[in-house]
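The values are calculated or read from the model by the stated rules, or taken from the named source; none is laboratory data. Keep in mind that this is a model prediction, so the values were computed, not measured. A quick note on method: Cβ atoms are made from the backbone with ideal geometry, for glycine too, and the neighbour counts reach across all protein chains shown. Note: accessible area is taken over every heavy atom of the protein model, side chains too, but ligands, DNA and RNA are not part of it. Shrake-Rupley method; radii C 1.70, N 1.55, O 1.52, S 1.80 Å.
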Amino acid sequence: MPSGVRRYDPDRRQRIIDAAIRVVGAKGIAGLSHRSAAAEADVPLGSTTYHFETLDDLLVAALRQANESFARALADSAALADPDADLDRALARLLGEFLAADRSRVELEYELYLAALRRPALRPVASEWCEAMSAALAVRTDPVTARALVAVMDGIGLQVLLTDAPYDEAYAREVLGRVLRGAQAGPARA
């Protein structure tokens with residue numbers, strides 16, 4: 001191919017995102033740079049800056065992609081479609097499956113999610129994820145309870161990851177059930 005001729009590569013952007021996720025998984029966010037993503041994706045450095053002007057742009061794309069797995073599992077959950085299904089049991093089981101499936105992947109997702117604390121460009125993506133999860137749960141409960149369920153699942157997930165404690169599905173089911181039963185009792189009175 002003559003020099004200066006651009007090769008058509010429709011998957012290059014996706015390969016760069018996948019590479020960024022692998023780099024963050026192996027080295028943490030501090031190990032991610034345009035250069036490390038390019039090397040991992042086996043593309044020229046200019047390709048990473050062409051598709052992602054800043055490192056935050058690349059992190060936003062990586063976070064969006066990382067968020068998809070749990071959101072997809074929740075959206076595909078039969079418990080959300082069935083109004084008679086035991087929601088606390090289904091959510092506790094789903095959270096356990098998510099945490100057990102690939103711990104390094106879950107750690108990566110949380111690392112990207114928590115990076116929004118220091119990288120404001122990631123905050124809208126983290127917020128979108130919370131809103132999407134809450135909206136999916138709101139088909140079975142009210143919006144406030146849906147947000148509380150997301151917060152509880154996030155908290156339990158983080159505790160498992162940070163303490164290396166085994167996931168306790170019965171505990172998760174009990175806590176999620178308390179949130180749901182509280183919602184059924186109505187708003188707290190001041």
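So which helices (runs of 4 or more DSSP H) are wholly in segment 86-161 and hold at least 1 residues that are within 18 Å of GLN65 (Cβ to Cβ) and either touching an Asp or Glu at 6+ places or on another chain (Cβ under 8 Å) or at pLDDT 90 or above (or both)?
So the answer is 123-137.
Inside segment 161-182, can you point out the residues that are of a type outside the set (A, V, I, L, M, F, W, C) and in contact with a Lys or Arg (Cβ under 9 Å, 6 or more places away or on another chain)?
GLU169, ARG173, GLY177
Scanning segment 162-178 for residues that are among the acidic types (Asp, Glu) and assigned to a loop (DSSP other than H, G, I, E, B), which turns out modelled with the highest pLDDT?
Within segment 162-178, the match that is modelled with the highest pLDDT is ASP168.
Consider only pairs whose beta carbons are under 7 Å apart and that are at least six residues apart or on different chains; among these, list those whose first residue lies in segment 74-91 and is within 11 Å of ARG140 (Cβ to Cβ) and whose second residue is part of a loop (DSSP other than H, G, I, E, B) and among the polar types (S, T, N, Q).
Short answer, once both residue conditions are applied: ALA90/SER77.
So that you can scan it fast, the table gives a plain yes or no per residue for (1) under 16 Å from the mean Cα position of the chain (by Cα); (2) surrounded by fewer than 16 Cβ atoms within 10 Å (Cβ to Cβ):
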residue	(1), (2)
LEU122	yes, no
GLU128	yes, yes
MET133	yes, no
LEU137	yes, no
ARG140	no, no
THR145	no, no
ALA151	yes, yes
GLY157	yes, no
LEU162	no, yes
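For segment 42-85, how many residues meet the condition of being closer than 25 Å to SER134 by Cα, open to solvent by less than 30 Å² (accessible area, probe 1.4 Å) and not in a helix (DSSP H, G or I)?
2
Scan segment 2-41 residue by residue and report those that are modelled with pLDDT of 90 or more, open to solvent by less than 20 Å² (accessible area, probe 1.4 Å) and not in a helix (DSSP H, G or I).
Passing the criteria: only LEU32.
GLY96 versus (1) surrounded by 15 or more Cβ atoms within 10 Å (Cβ to Cβ); (2) closer than 20 Å to ALA20 by Cβ: which is the lone unmet condition?
GLY96 satisfies every listed condition except (2).
Please list, ordered by first then second residue, the pairs with beta carbon atoms under 6 Å, 6 or more apart or interchain, first in segment 158-179 and more than 20 Å from ARG103 (Cβ to Cβ), second open to solvent by less than 60 Å² (accessible area, probe 1.4 Å) and small (Gly, Ala, Ser).
Qualifying pairs under 6 Å: ARG173/ALA92; LEU176/ALA92; VAL179/ALA148.
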